[in-house]
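The values are calculated or read from the model by the stated rules, or taken from the named source; none is laboratory data. What you see is a predicted model; the values in this text were computed from it and never measured. Cβ coordinates were reconstructed from backbone atoms using ideal geometry, including for glycine residues, and neighbour counts include every protein chain displayed.
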Amino acid sequence: MPDDTVAAVWGSIQAKVLIVPSEKDEHVPEHINVTGLMQKWASACRPGVVSKLSGLIPSANHRVEQTEGQEWLAERVVMFLKEVMEQDSRDKLA
């Protein structure tokens with residue numbers, strides 16, 4: 001995807017976002033640097049939009065069939081939702 005498209009797509013996100021691709025996604029060619037892509041996407045976002053909880057789902061395939069990956073993803077999603085709810089509460093008080 002061209003850099004200007006990345007900037008347009010990711011730069012338009014206004015709500016907090018959690019980026020969690022699978023570490024061993026069989027649909028992503030091996031030559032693709034997923035961590036590098038995540039950094040590129042995050043740098044195109046407005047400051048503070050991408051959650052620091054974002055990361056590769058360990059040992060996960062595309063469908064996240066591995067227990068380790070499922071547990072990690074579930075924990076991250078719960079933490080992310082708490083993060084969003086806390087921010088929402090702070091915004092309402094401001």
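Every residue in region 29-42 that is surrounded by 13 or more Cβ atoms within 10 Å (Cβ to Cβ) and either touching a Pro at 6+ places or on another chain (Cβ under 9 Å) or of a type in the set (Ser, Thr, Tyr) (or both), please.
Scanning region 29-42 gives VAL34, LEU37, MET38.
Which members of region 29-59 meet the condition of being aliphatic (A, V, I, L, M), touching a helix residue (DSSP H, G or I) at 6+ places or on another chain (Cβ under 6 Å) and closer than 22 Å to GLU71 by Cβ?
Once the filter is applied, which keeps residues that are aliphatic (A, V, I, L, M), touching a helix residue (DSSP H, G or I) at 6+ places or on another chain (Cβ under 6 Å) and closer than 22 Å to GLU71 by Cβ, region 29-59 yields LEU53, ILE57.
Any residue that is part of a loop (DSSP other than H, G, I, E, B), surrounded by 13 or more Cβ atoms within 10 Å (Cβ to Cβ) and without any contact (Cβ under 8 Å) to a residue 12 or more places away in the chain - is there at least one of those in region 70-85?
no
Of the numbered conditions (1) surrounded by 12 or more Cβ atoms within 10 Å (Cβ to Cβ); (2) basic (Lys, Arg); (3) in a helix (DSSP H, G or I), LYS24 fails exactly one; give the number of that condition.
Of the numbered conditions (1) surrounded by 12 or more Cβ atoms within 10 Å (Cβ to Cβ); (2) basic (Lys, Arg); (3) in a helix (DSSP H, G or I), the odd one out for LYS24 is (3).
If I filter region 2-21 down to residues being loosely packed, with under 15 Cβ neighbours inside 10 Å and within 13 Å of the chain's Cα centre (by Cα), which single residue comes out as nearest to ALA74 (Cα to Cα)?
It comes out as ALA15.
Between HIS31, HIS62, which is at pLDDT 95 or above, in a loop (DSSP other than H, G, I, E, B) and within 17 Å of the chain's Cα centre (by Cα)?
HIS62
Filter region 1-21 down to the residues that are without any contact (Cβ under 8 Å) to a residue 12 or more places away in the chain and in a loop (DSSP other than H, G, I, E, B), then identify the one that is nearest to PHE80 (Cα to Cα).
Looking at the filtered set, the residue picked out is SER12.
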